[in-house]
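Presented below is the structure to which this report refers.
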């Protein structure tokens, strides 16, 4: 969605989410708010179980704005990307959560949210049909999103 600003935070240590009084590695409230802001929607797209994230958030302010997509013991033997579709943790689902969150704060996003969500649902349906037909994830999924650092902009020193 043009005009949608997204802030991505990669959390590698769940203990930083704990209330600062409950764990030595936890972020202070000010540091937490600087990283996650104080008032915008937060979406965790987590590979584990939701209760692993729910516990650490106890004691933080404004956690009503948090949504979590996670592994949920659904599905059977299938492709890796289809498992993400089944668990609602795919890139399409993350985009839908971003659209939903933006619609709460931005009138232009609210007006387009149904259209964008419908388009994303269509992409999900097509992807699932293609995966079931071919019995494999599309090859192009391995080409999308590969991180290539911009070494030209890195300073030496």
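The values are calculated or read from the model by the stated rules, or taken from the named source; none is laboratory data. Note that the coordinates shown come from a computational prediction; the quantities given were computed from them, not determined experimentally. Heads up, the Cβs are rebuilt from the backbone with ideal geometry, glycines too, and the neighbour counts pull from every protein chain shown.
Observations on the structure shown:
- Test: residue in the range 50-58 that is assigned to a loop (DSSP other than H, G, I, E, B), within 22 Å of residue 103 (Cα to Cα) and either modelled with pLDDT of 85 or more or not assigned by TED's automatic domain parsing to the domain that holds residue 107 (or both): no
- Residues (part of a loop (DSSP other than H, G, I, E, B) and touching a residue at least 24 places away in the same chain (Cβ under 8 Å)) located in the range 37-49: 37, 38, 39, 40, 41, 46, 47
- In the set (1) over 15 Å from the mean Cα position of the chain (by Cα); (2) part of a loop (DSSP other than H, G, I, E, B); (3) at negative phi; (4) not assigned by TED's automatic domain parsing to the domain that holds residue 129, residue 31 fails one condition alone, (2).
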